Each structure stands twice: as structure tokens, then as C-alpha cells.
1. Just checking, how many residues over region 26-60 are farther than 28 Å from His100 by Cβ and either touching a Phe, Trp or Tyr at 6+ places or on another chain (Cβ under 9 Å) or in a loop (DSSP other than H, G, I, E, B) (or both)?
2. Run down Ser41, Ser93 and say which single residue is among the polar types (S, T, N, Q), over 10 Å from the mean Cα position of the chain (by Cα) and open to solvent by 30 Å² or more (accessible area, probe 1.4 Å).
3. So if I check each of Ser98, Ser93, which one is within 27 Å of Ala165 (Cβ to Cβ), in a strand (DSSP E or B), in contact (Cβ under 8 Å) with a residue 24 or more places away in the chain and of a type in the set (S, T, N, Q)?
Amino acid sequence: KLLQQLDGPAHWVSSVSFSPNGTVLAAGGRDEKLHIWLIDSSYKATLVSQLEGHDGEVKSVCWAPDNRRIATTSTDCSVRLWEFQNYVGQNLSIYDESEHSFLYCAWNSDGTRLLVSSSGGEISLLGAEKENEDEEEESAICLLRHFVMKAKSDDGSKDEALCVAISPGDCDIA
């Protein structure tokens, strides 16, 4: 049974993600925006924000465990970190040091690291830097580690790291 059809994206949606506490839904797609809906106790969704910043399709949307930060990847070769608090969203930082489209992202268990994959077969581990150690908020995304996959499909198509995951103990990546 369809509970509600959501207003928002004008084009295909590539990724959707509920916040860890289940009260907010985020989605991104071909319209290059991050759409955010609040979900009430009767499961009614209300569009509260449409954030702009990407110049290409949003491929992946992933909530951090803290219920306030969202990472997005895009075909514009960037990863963006957004903050959503008190019904307001803002772009916190951007990582755009790749020549390939970023396809997927996954947070580690405490939200201090972000694993991203790209169309060039690359996997990067990103972290947040603080401008001031006394501040609680992260302000910039930086590269911590970079991996390159050398797998090719049977048909000879290009390397792509379509999906990534971090184990619950943060010890393994896939």
C-alpha cells in the first residue's frame, strides 16, 4: 500500500537514506540536489529542504551515525558533507580531488571516517579535519588513504568500484 508520494526531485532518484533515528529521509539524483523530508509519527513526510551544490547527478546519500551529517557523492567528481540540524541544511565541506565520478559512500561506526568509491576503480578513505581543536564540529574533508582496484569484468569494461562497505568493527572494508 502506497502511504504517500513524495514531492521533490524533478528527475530520477539515484539514492535514498533514512537518518539512523528514522525521523528524516534524504534523497539525491539527476536534478543535482539533496532533498530532505521530515517523517512524523504517522509516517507522513514533509519536504523541508532542497540543498544545491553538486554540478552533476547525486549518486549516493549516506547519513552519519550522529543523525546530523549527510555525505553525498556525485558525477561532478566531488564528495560533499552536509549538516542538517533544526530543520536547516548547509554544506559543510567538499572533497573534489579526483578525476573520476564518485559513486558510493559509507560511514564508519562512529562517523569519523567516510569510505567512497569512484568510476575509476578507486576507493578513498576520507576523514574530517577540525579548524580549531576546541570546536566540536568538523569543517573540512581530507584524504586519509587511497586504494586502487585492478579488477576488470569479463566483457573488458572499465574498472568501477560501484559499492563500498565498512564492517561494524571498522576493521574491514569491502
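1. Restricting attention to region 26-60, the residues satisfying the condition of being farther than 28 Å from His100 by Cβ are 37-49.
Filter again for either touching a Phe, Trp or Tyr at 6+ places or on another chain (Cβ under 9 Å) or in a loop (DSSP other than H, G, I, E, B) (or both), leaving 38-49.
Residues flagged as farther than 28 Å from His100 by Cβ and either touching a Phe, Trp or Tyr at 6+ places or on another chain (Cβ under 9 Å) or in a loop (DSSP other than H, G, I, E, B) (or both) within region 26-60 amount to 12.
2. On the way: Ser93 fails: open to solvent by 30 Å² or more (accessible area, probe 1.4 Å).
Being among the polar types (S, T, N, Q), over 10 Å from the mean Cα position of the chain (by Cα) and open to solvent by 30 Å² or more (accessible area, probe 1.4 Å) holds for just one of Ser41, Ser93, which is Ser41.
3. Values: Ser98 fails: in a strand (DSSP E or B).
Every option except Ser93 fails the conditions.
Quick grid of which residues meet (1) in contact with a His (Cβ under 9 Å, 6 or more places away or on another chain); (2) of a type in the set (Asp, Glu); (3) not in a strand (DSSP E or B):
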{"residue": "Leu2", "(1), (2), (3)": "no, no, yes"}
{"residue": "Cys62", "(1), (2), (3)": "no, no, no"}
{"residue": "Asp66", "(1), (2), (3)": "no, yes, yes"}
{"residue": "Trp82", "(1), (2), (3)": "no, no, no"}
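The values are calculated or read from the model by the stated rules, or taken from the named source; none is laboratory data. Predicted model only: the values in this text are computed from it and were never measured. Heads up, the Cβs are rebuilt from the backbone with ideal geometry, glycines too, and the neighbour counts pull from every protein chain shown. Just so you know, the surface numbers come from the protein's heavy atoms only, side chains and all, with ligands and any DNA or RNA stripped out. Shrake-Rupley method; radii C 1.70, N 1.55, O 1.52, S 1.80 Å.
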